[in-house]
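The values are calculated or read from the model by the stated rules, or taken from the named source; none is laboratory data. It should be emphasised that the depicted structure is a prediction, and the values quoted were computed from it without experimental measurement. Glycine also receives a Cβ, built like all others from the backbone with ideal geometry; neighbour counts cover every protein chain displayed. For the accessible areas, the whole protein counts, side chains as well, though only heavy atoms, and no ligand, DNA or RNA atoms are used. Shrake-Rupley method; radii C 1.70, N 1.55, O 1.52, S 1.80 Å.
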Amino acid sequence: MSEKVISIMGCGWLGTPLAEKLLLESWAVKGSTTHEGKLSQLAEKGVDPYLITLTPEGVEGNVVAFLDTDVLIVNVPPGRSSPIEANTYPSKIRRLVGKLTTNNFKGGIFISSTSVYGNLNGKVTENTPPSPETASGKALLEVENELLESAFPWSVLRLGGLIGPARHPGRFFRQKREIAKGDAPVNLISLEDVIGLLIAMIHSDLWGNTYHLASTHHPTKRAFYTEAVKAYGWVPPTFLPGGAKAKEIDSTHTLQSLSYDLEHENLFKYLTHLTEKAGKV
């Protein structure tokens, strides 16, 4: 390959805008989807599209060509609705990375979640031992460990709650009337900052690291989601007391290590930005 190539496994809400940003940086981008109808949409954006499906038994699609790349980003989360689906997740990723044989491969980034920390209390840094409690959290941690111990260079990025265009936080509690732990800090991050940090990781060319990302702004669940729900013109739910000592993701080390400044640090300002884009004000 004469030009730098990056493959994004999972071109959805995050993967597609990430691909568009990388195209602007003169990367040749390969993107995967499980929906045949989305192939033409990716091609129109300049992405080389691949129809690839992961199963516990193997990988369906032209995975050999897809994995002929310099950098691979795996952005395929485990299913949350079914423990069975979460339990098969490690074998699916194992089947995928088992196809990596290219000599051009420089490194991979696995998109994980801060759910691997479970329900820990207090500030959580990158050095805090994970303690997943859900099936999906346990599956993510298993994959993280396997990739970091593999023969190929990998890094892990654990993400807090994702918000951004088409994912306005005011919609999260639309049907709920009572929300537990209203005093708990929120651990959210904007789509733009996830993309920005991923690009910083790629530029750093440092592999073998575990990072995590949430905004450094942690208002309470009650304060933030009350404003978010009001922005949609709905009546906010009741936030019950408790949770003041709950998990707070501290991303200071990640941001400093990658010399990245958050584009949307203040979550209330970002909420206003999203509300305006959604045409709610």
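Angle of helix 135-148 to the longest C-alpha principal axis of the chain, folded into 0 to 90 degrees and rounded to 10: 40°. Computed log10 I(q)/I(0) for segment 66-180 at 0.14, 0.18, 0.23 Å⁻¹: -0.69, -1.03, -1.35, from the Debye equation with unit scatterers placed on every C-alpha and solvent omitted.
At q = 0.18 Å⁻¹ the log10 of I(q)/I(0) for segment 24-129 amounts to -1.02, computed by Debye summation with a single uniform scatterer per C-alpha, solvent ignored. Taking every alpha-carbon pair under 8 Å whose residues sit at least 6 apart, segment 161-281 reaches a relative contact order of 40 percent.
Helix-only arithmetic for the chain: the sum of -39500 (n - 2.57) across DSSP H runs with n ≥ 4, divided by the residue total, places the mean residue ellipticity at 222 nm at -9500 deg cm²/dmol.
Using a Gaussian network for the chain with springs between C-alpha atoms less than 10 Å apart, which of these wobbles most: Lys138, Lys30, Lys176? Comparing Lys138, Lys30, Lys176 in the GNM, the peak value goes to Lys176.
Given the pairs Lys45/Lys277; Lys92/Lys176; Lys21/Lys138; Lys21/Lys277; Lys4/Lys45, which span a C-alpha to C-alpha distance of over 28 angstrom in this model? Please report the intermediate quantities before stating the final value.
Values: Lys45/Lys277 22 Å; Lys92/Lys176 34 Å; Lys21/Lys138 31 Å; Lys21/Lys277 20 Å; Lys4/Lys45 18 Å.
From the list (Lys45/Lys277; Lys92/Lys176; Lys21/Lys138; Lys21/Lys277; Lys4/Lys45), the Cα-Cα distance tops 28 Å for Lys92/Lys176; Lys21/Lys138.
Could you please report the charge total around Asn121, scoring K, R as +1 and D, E as -1 over all other residues with beta-carbon less than 12 angstrom from its beta-carbon? Net local charge, Asn121 excluded: +3.
Can you tell me the FRET efficiency between Leu206 and Ser131 if r is taken as the Cβ-Cβ distance and R0 is 22 Å, rounded to the nearest 0.05?
Efficiency computed from Cβ-Cβ geometry: 0.25.
Considering only Gly61, Gly15, Gly164, the mean-square fluctuation computed in a Gaussian network model of the chain, springs between alpha carbons under 10 angstrom, is largest for Gly61.
Between Thr102 and Ala65, the modelled labels are 1.3 nm apart [label points 7 Å from Cα along Cα→Cβ].
To the nearest ten degrees, helix 15-24 and the longest principal axis of the Cα atoms of the chain are 60 degrees apart.
Given R0 = 30 Å, the distance between the Cβ atoms of His35 and Arg94 translates into a calculated FRET efficiency of 0.80. About the centre of its Cα atoms, segment 1-118 shows a dipole size close to 300 debye [charges on the beta carbon of Lys, Arg (+1) and Asp, Glu (-1) only; nearest 20 debye].
Placing a pseudo-label 7 Å from each Cα along the Cα-to-Cβ vector at Phe268 and Ile84 gives an inter-label distance of 4.7 nm. Note that segment 159-281 presents 48 Å² accessible area per residue, ligands and nucleic acids not counted, probe 1.4 Å.
Lys and Arg at +1, Asp and Glu at -1: add these up for the other residues within a Cβ distance under 12 Å of Pro153 and post the number.
Value of the local net charge: -2.
Grouping the Cα pair distances of segment 159-281 into 5 Å bins from zero gives a pair-distance distribution of 2, 11, 20, 21, 18, 12, 8, 5, 2, 0 percent in increasing distance order. For the chain, the longest principal axis of the C-alpha atoms and the axis of helix 267-277 are separated by about 70°. Relative contact order, whole percent, for the chain stands at 16, derived from Cα pairs under 8 Å and 6 or more residues apart. For segment 11-95, the share of accessible area belonging to carbon and sulfur comes to 52 percent (1.4 Å probe, ligands and nucleic acids excluded). Of all the options His218, His168, His35, the one that moves most in a Gaussian network model of the chain with Cα springs shorter than 10 angstrom is His35.
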